[in-house]
Amino acid sequence: MADHEVRSTVGSEPSGLAQLRWDEPPEGPVLVLLDQTRLPAEEVELVCTDVPGLVRAIQTLAVRGAPLLGIAGAYGVALAGVRGFDVQEAAALLAAARPTAVNLGYGVRLALGAYQAALDKGAGPREAGAAALAAAKALHRADAEASARMAAHGLALLDELLPGGSHRVLTHCNTGRLVSGGEGTAFAVALAAHRAGRLRRLWVDETRPLLQGARLTAYEAARSGMAYSLLTDNAAGSLFAAGEVDAVLIGADRIAADGSVANKVGSYPLAVLAKYHHVPFIVVAPVTTVDLDTPDGAAIEVEQRPGQEVTELTGPQVSAAGWGAVGGLPVAPLGTQAYNPAFDVTPPELVTAIVTEEGVLSPVTGGGLRELCARSRQVTIS
Ligand SMILES: CSC[C@H]1O[C@H](OP(=O)(O)O)[C@H](O)[C@@H]1O
């Protein structure tokens, strides 16, 4: 069950609503999400009281973005545990909600492992649920810390690569606080550059078809005070040709063992443009987005989404018809078939650097990735 509770409408100042928070009202524990399908028009909180409601929120991108999906997945297992639902079934439903972002499965497994370990030590279901909740909260904190460290590493890299000290950065999709326990991944680097007085402009790809750039990155950029301009995805090429892009900063949903990067569809063409125009193409992602069990880009499952998201002008929304029901403005003849992959894959040779909380990997090699992951500290559950 997931109910909309309008807590605020968008004003000039951020409402301060958290992108995701655990709450324990008298009627029982809930997971509260800032519904990203309603932004930027409304800041609406979605209150999830059970796992099917959270699964629908994930599938309709009310909650989205790899790191935050991991956190939401962990809280989903905790919600099942503390409310006495079937935790194994809940974990399976959550892990299958979206296939590409590896963080989702990671978060689910982390909380499920804590739940099972508590049971193995003789705890009852409620205590085990509390252990899963502690794991989810620990992941939430760890991601916020990772975001801050990525921002610092990323800004240092920009300063090293772009000595002018006034960076024009292009970004794709949305990678700010709406995808993270902290200030995000790629957007957090741009924010750090802005705060340091070294961001001349953020070029924001609108990111068709769900417009995460226009709706969400512009929303976050506007509130940060940085100079930014929105562009249609197909205008990016002319910006490169005009010499207006100093670097590309993007996030990731899954990084394979060879350094191939799955990210929002439209990322691969930017990597080709960056290569042709000798512009750094920088991926910013926490180590939890690296999947050493997936050997290469061809092995990454790319989510295929409903064609209506292309043939109608709107984002997905939850409705009586369930997730994926889209009530938009048709922009193509009725019955038009659409190709709508949610992601594409960029090969490592087109990636200048991968910035993680453990440091920067450049050039991108499988060995370097494994070494970086080996440095990563496990999430400590207090
Ligand atoms: C840094 S995670 C953000 C990542 O997630 C987005 O996908 P979606 O909006 O479908 O969740 C996109 O790939 C971003 O780069």
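Test of understanding: among L216, L191, which residue is at pLDDT 95 or above, within 16 Å of the ligand (Cβ to nearest atom), closer than 21 Å to V63 by Cα and not in a strand (DSSP E or B)?
Numbers: L191 fails: closer than 21 Å to V63 by Cα.
Unique residue meeting the criteria: L216.
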- Item | Count of residues meeting criterion [open to solvent by 30 Å² or more (accessible area, probe 1.4 Å), under 20 Å from D253 (Cα atoms) and in a helix (DSSP H, G or I)] in segment 89-122 | 6
- Sole miss for E312 among (1) at pLDDT 95 or above; (2) more than 12 Å from the ligand (Cβ to nearest atom); (3) touching a strand residue (DSSP E or B) at 6+ places or on another chain (Cβ under 7 Å); (4) open to solvent by 30 Å² or more (accessible area, probe 1.4 Å) is condition (1)
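Conditions (1) part of a loop (DSSP other than H, G, I, E, B); (2) crowded, with 20+ Cβ neighbours inside 10 Å; (3) at pLDDT below 95, marked per residue:
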position	(1), (2), (3)
K275	no, no, no
H278	yes, no, no
I282	no, yes, no
A320	yes, no, yes
- Query: For N174, which of the numbered conditions (1) surrounded by 24 or more Cβ atoms within 10 Å (Cβ to Cβ); (2) over 25 Å from Q308 (Cβ atoms); (3) of a type outside the set (G, A, S) fails to hold?
  - Reply: (2)
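Which one of P295, P269, P209 is in contact (Cβ under 8 Å) with a residue 24 or more places away in the chain and surrounded by 20 or more Cβ atoms within 10 Å (Cβ to Cβ)?
Working: P295 fails: surrounded by 20 or more Cβ atoms within 10 Å (Cβ to Cβ); P269 fails: surrounded by 20 or more Cβ atoms within 10 Å (Cβ to Cβ).
Only one candidate qualifies: P209.
Have a look at A252, A262, A271, A236 and point out the one that is among the small types (G, A, S), part of a strand (DSSP E or B) and in contact with a helix residue (DSSP H, G or I) (Cβ under 8 Å, 6 or more places away or on another chain). Give the steps one after another, and end with the answer.
Values: A252 fails: part of a strand (DSSP E or B); A271 fails: part of a strand (DSSP E or B); A236 fails: part of a strand (DSSP E or B).
Criteria check complete, one pass: A262.
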- Message: Every residue in segment 44-76 that is open to solvent by 10 Å² or more (accessible area, probe 1.4 Å), within 11 Å of the ligand (Cβ to nearest atom) and either of a type in the set (V, I, T) or without any contact (Cβ under 8 Å) to a residue 24 or more places away in the chain (or both), please.
- Response: none
- Taking segment 194-213 and keeping residues more than 13 Å from the ligand (Cβ to nearest atom) and either aromatic (F, W, Y) or under 15 Å from the mean Cα position of the chain (by Cα) (or both) leaves W203
- Does L239 qualify as being out of contact with any Lys or Arg (no Cβ under 6 Å at 6 or more places or on another chain) and at pLDDT below 95? no
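Please determine whether any residue of segment 92-99 is away from the ligand (no atom under 16 Å from the Cβ) and more than 17 Å from V379 (Cβ to Cβ). Let's see the steps before the verdict.
At the first step, the residues of segment 92-99 found to be away from the ligand (no atom under 16 Å from the Cβ) are 92-93.
Pick out the ones that are also more than 17 Å from V379 (Cβ to Cβ) and you get 92-93.
Yes, segment 92-99 contains at least one residue that is away from the ligand (no atom under 16 Å from the Cβ) and more than 17 Å from V379 (Cβ to Cβ).
Yes/no matrix, rows are residues, columns are (1) over 21 Å from R141 (Cα atoms); (2) in contact with a Leu (Cβ under 6 Å, 6 or more places away or on another chain); (3) modelled with pLDDT of 95 or more:
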site: L33; (1), (2), (3): no, yes, yes
site: E42; (1), (2), (3): yes, no, no
site: P52; (1), (2), (3): yes, no, yes
site: P67; (1), (2), (3): no, no, yes
site: A78; (1), (2), (3): no, yes, yes
site: E89; (1), (2), (3): yes, no, yes
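If you go through segment 153-184, how many residues are within 19 Å of E220 (Cα to Cα) and in a helix (DSSP H, G or I)? Walk me through how you get there before you give the answer.
Kept after step one, since they are within 19 Å of E220 (Cα to Cα), are these residues of segment 153-184: 154-155, 167-184.
Restricting the remaining residues to those that are in a helix (DSSP H, G or I) gives 154-155, 177-179.
Adding up the residues that qualify gives 5.
The values are calculated or read from the model by the stated rules, or taken from the named source; none is laboratory data. Everything numeric in this text was worked out from a predicted model, so none of it was measured. No Cβ is skipped: glycine too gets one built from the backbone with ideal geometry, and neighbour counts run over all protein chains shown. In case anyone asks, the SASA skips ligands and DNA or RNA and just uses the protein heavy atoms, side chains included. Shrake-Rupley method; radii C 1.70, N 1.55, O 1.52, S 1.80 Å.
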